[in-house]
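Below is one structure; the comments refer to it alone.
We did not get these values from a lab; they are worked out from the coordinates using the rules stated. Just so it is clear, the structure is predicted and the values come from calculations on it, not from any experiment. Neighbour counts are summed over all protein chains in view; Cβ atoms, including those assigned to glycine, are modelled from backbone coordinates with ideal geometry.
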Amino acid sequence: MNINMKKIFQIRFILLFFTLFLQFSCSNYMELLPNSGLVREAFWKTKSDVDAVVMGAYKTFASNNGNLFTYGEARGDMVTYSIYGQTSDQYKVMQSNINSDNGLCDWSSFYKVINYCNEVIKNAPGVQKVDNTFTDFQLQSYLAEAYFLRSLSYFYLVRTFKDVPLVLTPSETDASDFYIPKTDGDQILTQMLKDLNDNRNYAADTYSMTIAEDKGRATKTSYDALIADICLWMFDYNGCVEACDRIMANPKYVLLSGTVWFELFYPGNSLEGIFEFQFSDLNNQKNSTYGMTNRDANQYLPSQRAIDLFAKKSSVEVTRGEDASIAKLSEDNYLIWKYVGSQPDSKTVRSSMEQHSCNWIVYRLADVYLMKAEALSQLNRFSEAADLLNKIRTRANMTPLSIANSPDAYEDAILDERALELAFEGKRWFDLLRMGRRNNFSRKAKLLDVLVANVASTQKRILSARLTNPLGWYLPIAKSEIEHNKNLVQNPYYIF
Amino acid sequence: MKKIKKAIILIFAICSFIGAYSQTKMTIRGKVIDQKDKSAVIGATIVESDKTNRVVNGTVTDVNGNFVYEMKNQANTMKVSVIGYQAKVFKPVAGKSIVIELVSTDIELSQFTITSKAKSDNQLTNIEERDNASSRVKVDLMEMKNEGITSAADALQGKVAGLDIISASGDPGSGSQIVIRGLSSMGNNKPLIVIDGIPQTTVPSGFDLSSSDSQDISRMINIALQDIKSIEVLKDAASTAAYGSQGADGVLLIETNRGKMGKVQFDYQYKSSINFQPAAIPMLNGDEYTTLQLEELHNSKGIFDVPNEIAYNRDYKDFYNYSANTNWLSLLTKVGMTNDHYFKVSGGGEKTRYLTSFSYVDEGGTTINTDAKTFSTRVNLDYFLSKKILFTVEFNYNNMKRDQNYVMGLSNGWQTRNVREMAYMKAPNMSVMEYDEKGNLTGEYFNPVTNYQGSGQDYFNPVAVAKLGKNSSDETNLENNFKLKYTFADWLSFRESVSFSFNGTKSNTFLPYDAIGVDWLSYLANRASETNSQSSTFRTESMFAYNVPFKKTDHNMTGTFGWITSQYRSQYTVLESTNSPSSDIQDPAIGGQIIDPPNASSWAKSLRSGLTEKRELSAAFSWNYKYKDRYMLQTIVRADANSAFGANNRWGVFEGVSLGWRFSSEPFLSNCSNWLSESKLRASWGTSGRPPGDAYARFATFESSGSYITNAAIVPVKIQLDNLKWESITSTNFGADLNFFKDHLFVSAEVYRKYTTDIMFPSNNWQGYSIPTSSGYDKLQYYNGGEMKNIGWEFSTAWSIVKTKDWLYKIDFNASQNINTFMKLPDNFVTEKNVSINNGEYPQKIVPGQAMGSFFGFRYKGVYASDADAVAKDASGNIMYDSKHNPIPMTYKGTYLFKGGDAIYEDINHDGKIDLNDAVYIGDSNPTLTGSFGNSIRYKNWDFSFSFYYRLGYDIINMTALNAEGMTGKDNQSKAVLSRWRVQGQEEPGLLPRACMDNPANNLGSDRYVEKGDFIRLNTVKLGYQLGADLCRKLSLQSASFTISARKLLTFTKYTGQDPEVGQDASDPFSIGKDDAKTPVSKVVTISLAVGF
């Protein structure tokens, strides 16, 4: 009997021990981390984490370059549609036949970049506490890159959608507020300008490693270019001139000579380049522009106007003309050549190893010259403006222009010059939009002419009437976005 | 505390003292004979039991019926028993040989099992079955042995009120969908399956087969049917609370057969079945198809260039290839044969009982090149180490090899198409085999890179893919359970069970170059894949069961307390390669290249792998009290911790209370005993909860997004879920179990209410809960919000009308109804998922206050007889005119003008425009009544039974018809389109709209395809013959029986689709009740032969 009791108690002790063991080990036992991917708990610990997310923001922005092309070109007058590869969404945008279920109204790529930047801005300072090798200087430099990319994203968003939600904190947990209403576009840009001016001095002068880093990441000069562009958009001409002056004072950036003008695009990263999203087939970083403009599956072709501007039969442009900006395949059959060719000869295409390696140039010096010229002319400083404009022209072996001393005449001349110099670089539509908005829409009619040029003849009349409403120049907010966020209000132009 | 301890010791001491005092041995001998013919009974079991009825020892009679036995204690009772005779207790007489006569019996085996009311070891509550006050139903499978059913899900269908089992499709091994008491959540409505007390783990969330859910359920319980003793269904939360969060969708308790004391028993059963498909929807032949195509082109384009493929142009090089009359479907269909062998050895002595079974099922599908071969074996071993210790080992092994047809991925990168779907669409004027220009066969399948209908990838040759493509899998399941039961004392026992299970699956696919029309360098040519996945579970359960020894028998108090740990781990790797140098090299690791298909999503990349781990920790306590055997109170509390939650919401506490009143035992009803037998009323209340399916959903993860320049790029891809919490379900249940007329009539009825709060939206991986993309993300993995209600009732009855020695006539009937309602939806939830209303699309929305599974669409009103009829009319039916007094034409969305022969849709708001505003409620997929009824008749050795299954009062969207009657594209259409509108002014009842290529409005989602699904189906019919006991004995057999049965032989329905049995897959709440089934459930006729010896 005694033995029996002992046994019972022994078993009990074992069980008791087992229970206690389970309870003590409980908290660890239940904490299972996923094996694939890093979890937030293990992230934001070293400066390389900060670096990787900053790179993620660049990468994501760069991957969106197909849309950057479309937003900047589709409604303008330099491209036309191709029956081979164009999607119906692209076609409808070009026809100004836009509904909120058009896939191009999807702004998620921009907000992804914004969220990554917000992550960096919020979390990078904390990393310094755990990583002793993370210096103040490095931290400020990464933050400057994040502010730059965030501002650039909002700049694209405001130019494309006008008023958009202003999100300045990262969506870290499901406790975040996801249902943010729209903020006025000008207000957003004012905020961005403030961010840029506050952080400009922390941005790197140069990334010493490679030329690709120097051109592909935000430097003080990139900052200045973006500040100039936003100022110009907001018609703050003095601000624009000031920023442009800072760039032009920097001896690192020079205009390429006309003979090597095509090197801007192949091989790229030229001395003229200020900020270019980098691509490299070798590293599996593929641009979309090749697929959008190459011979077999293209989505966009040079418009008749572009052909008139560039083709040998109608134009005296040599440096930037046929064989450089566009290529002639056969009679009346032209191709956009900047992203496809490796020689300004209409023939030599990029080798298969670097088909998708062409950079997406956001800013280059010629653009800065023309921005400054535009600002100066609006300030009635015509001779300075003419000087800058003609520098670009002479570089391209074109005769200098003499322009009547009126802002409108200069506006037209600069607009035409930008079309030639910056063709197919995602600038055209925004340039036209800037003109249309200027001085309280005083030159709206010119923009409307461009807008309805693409449109089928039956629609021209109704659209030129409808599009006098400037809200129609912007894209609608995507339908699914409106549905998922009851605080959003659709652009009134698209509510019927 | 000390006093109690002393008391325990004292009780023990007294017991052992008494035991020691009366321990005197005695030898007895005797002979067991049949009372009628006085023949010796071989193998009868003689057991000695002590006062507490515990078996002490025993022996069996030899071939002459003799036995010798040394009794441990004279005071004990002796009992002799053997199958086929009534057991008999006899008085041992020392020294003298006794003759025991046994009376033979015709009692069914099933009745044996019903009357043996033991406390089930599987339960975590320690309640006697007859005292249960919660809602649970037990089905005994012994009754259904020979009905030709192949899986347990089949056996359950229609047997339990409130349990909805729907066959997924007719392909072998495709499984069923099991829903208990309606859908209470968004997706993942899978009841927990518990086999011999061990819960079976769920499918890994990272598992990459999107449709695997319903299959895995059936595979999980796909232990050999003959091994299953009973299945019990737990329905209300008060009963499922014992299983905590795992039991939120109900629980199926499966008990397997165990060895019994007695001499070794062999059983063999052979079943042979023929599976055949009901007639398919008749499709157009080649000539009718070309005519239709020409008409479609003419109606849409007027004048057009006739494509060579449909031009009957003898000079066309492929003329012979495009002038066939191919019935693609019949070329894919075959009659399937299933052979099922089952062998079992069981028996046992005083210390050990064993059961070993082997089963081999070779199931042939009804589509060519599909079959499944399953081998399974099970060992159940009970070993009584001592009076106090029972040690049990259970081992189960199962291997299934399956061959299926290759499923083609379409060029859009996310859709797939199987051979049957293809056969319905494929142009019937194309030939199967290729002809050359002169009309001679080339010996190759006809597989052009592009054909009239589209690319060779999207419109492949289904016969070639079925015959040459390979899609095989080899799955092994292994499960080991070790259980120890230690009885401290009469009132306290401890059970420990440790179980391991392992699943390993390897599947291979291969698509040879010549099976599909692509060029040699396409990523589809010679594409091979191999998937390896494995999962394992380790689970421990430690449980004390107590039964408080009261002096007065008026009180009875029982209960359990214990804790459970379980961990689960699964991993998979997938390897796919392309362009292997020869069709004979089918291993993706040899010779092929790794090429990702264009538009491949991350889960479809050519190399991928994953690993998931889950852990759970639970503590449970139950307390049950019974007074005077009439008033029952049962309570349970269980706390679960789940690794899928963060520390803030990790623990979920679930509780249940049930009350029972056995009113039939009340003294004031004692004079009713002639008509009222044991009956009780029950009420229960309980809560349960559901964790997310994805164990890692709560983590914010950062993943590589490639590189920028030469720097690695990492981005956050998921939002951390701090608010993730248990979905919670509260259920209330009232029920009554009534027995009348000496148990001849049994009636059970229940009403219930299930209320789900914090609904977890949604549970499948790729969907997520959409949020504005301005957040930088497009979804949350999960979101808790909204409320849902299920109310319903269940009724079942069984009536033994005649019950004599020779005759038995029994009928049973059950019915149930469940009403599901969305009570509340989360803020910012988009109730309209899809508002596009193009051809073939139904606007999809959820309306609070309405059931999940309501249909919305247009009202179809026939066909415009002529162009002039297609004008807008106002509410009173008058034609509307514009300012110039021209009739306003009827338009589709203001862009397309309806013409003669187009479909008429009701213009609800009379604006002359058919658009989203005219889409109205047009039906509901929730049945008002489901259930079954059956009859069984036995006369002497013959028995005959049948059962019907019915679902009434619900609608189905007949997607098959929608795809086959639209006449707007190049897919083949059904014969129904032969009566279509052709000329102006044509007016006939039932006329279909005109054929018109790319017509934007002729095939809109309308009530044209919404049909009543109501059906009554003859589920099983069975005729059996059991060899008489005398004959058996002469043949030295224990038993022998012969059965012929048929399953799903007849279906009475007005539904015109293939099969009105349409699943309710809640994983997408927007698309419930759509029937696009391509393989109807096949009819099965089975012959079965069983012998025991």
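Listed values, structure above:
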read-out	value
Whole-angstrom gap from the stretch A:402-464 to the stretch B:318-391, using each part's C-alpha centre	75
Cβ-based net charge around A:Trp429, under 12 Å, with every Lys or Arg adding one and every Asp or Glu removing one	+2
Between 0 and 90°, nearest 10: helix A:47-63 axis offset from chain A longest Cα axis	40
From the C-alpha gyration tensor of the stretch A:279-358, square roots of 5λ in Å	24, 12, 10
Charge dipole (debye, nearest 20) of chain A; +1 at Cβ of Lys and Arg, -1 at Cβ of Asp and Glu	880
For the protein assembly as shown, the spread of Cα positions along each principal axis, largest first, Å	139, 83, 69
Reach of B:Lys884 by Cα under 20 Å, taken over lysines that are not fewer than 8 positions away in the same chain	B:Lys873, B:Lys913
FRET E, pair A:Asn283, A:Ser406, Förster distance 56 Å, beta-carbon r, rounded to 0.05	0.65
Within 10 Å of each Cβ in A:398-404, the average number of Cβ atoms from other chains	0
Cut-off under 5 Å, modelled amide H: who pairs with A:Thr348 long-range	A:Ser342, A:Gln343
Among B:Phe933, B:Ile956, B:Gly900 the positive-end extreme of the charge dipole of the stretch B:870-969 (Cβ point charges)	B:Phe933
Peptide ranges B:424-437, B:688-701, B:1030-1043 listed from the most packed, as the mean C-beta count within 10 angstrom indicates	B:688-701, B:424-437, B:1030-1043
The stretch B:845-990: translational diffusion in µm²/s, Stokes-Einstein, Kirkwood Rh over Cα pairs, 4 °C, 1.567 mPa s	67
Assigned charges on the beta-carbon of Lys, Arg, Asp, Glu; the stretch A:279-358 dipole about Cα centre (debye)	80
Residue mean of other protein chain beta carbons inside 10 Å, B:473-481	0
The stretch A:279-358: Lys pairs at Cα distance under 15 angstrom, eight or more positions apart or on different chains	5
Computed over the stretch A:279-358: relative contact order in percent, which uses C-alpha pairs under 8 Å that are six or more apart	36
Neighbour net charge for B:Ile594 - beta-carbon separation under 10 angstrom, K R +1, D E -1	-1
Stokes-Einstein D (µm²/s) once Rh is taken as the Kirkwood radius of chain A over alpha-carbon pairs, at 20 °C in 1.002 mPa s	87
Relative packing of A:232-240, A:465-473, A:62-70, which averages over residues the other C-beta atoms within 10 Å, highest first	A:62-70, A:232-240, A:465-473
Cα centroid separation - the stretch B:233-281 against the stretch B:510-552, whole Å	21
Those aspartates and glutamates that a straight Cα-Cα span of less than 14 Å connects to B:Lys1022, excepting residues fewer than 8 apart in one chain	B:Glu143, B:Glu147, B:Asp943
Local electrostatic count, B:Thr635, Cβ distance below 13 Å [Lys/Arg +1, Asp/Glu -1]	+1
Degrees, to the nearest 10: A:108-130 long Cα axis against longest axis of chain A	50
The stretch B:891-942: relative contact order as a whole-number percent, Cα under 8 Å and 6+ apart	27
Stretchable slack from B:Lys1034 to B:Leu952, in nm (0.36 nm times residue separation minus alpha-carbon distance)	24.4 nm
Dipole of the protein assembly as shown [Lys/Arg +1, Asp/Glu -1 at C-beta], most positive-end residue of A:Ala249, B:Asn471, A:Leu168	B:Asn471
Number of partner chain Cβ atoms within 10 Å, mean per residue of B:719-726	4
Nearest 10 degrees, 0 to 90: helix A:237-248 Cα axis against chain A principal axis	80
Per-residue HN-Hα couplings for the stretch B:261-266 [Karplus 6.51, -1.76, 1.60; θ = phi - 60°; Hz; x = Gly/Pro]	5, x, 6, 4, 10, 10
Chain lengthening between B:Arg314 and B:Asp474 when straightened (0.36 nm per residue, less Cα-Cα)	52.7 nm
Within straight-line cross-link reach of B:Lys351, lysines at Cα separation under 17 Å, skipping those fewer than 8 residues along the same chain	B:Lys72, B:Lys260, B:Lys263, B:Lys387, B:Lys388, B:Lys483, B:Lys485
Charge dipole (the stretch A:184-328, unit charges on Cβ, about Cα centre) - positive-most of A:Thr259, A:Tyr223, A:Ser208	A:Thr259
Electrostatic dipole magnitude of the protein assembly as shown [Cβ: Lys, Arg +1; Asp, Glu -1; Cα centre; debye, to 20]	6920
Value of [θ]222 nm, deg cm²/dmol, for chain A, DSSP H segments ≥ 4, -39500 (n - 2.57) each, nearest 500	-16000 deg cm²/dmol
Amide H contacts under 5 Å for A:Tyr334, placed H, 5+ residues apart	A:Leu329
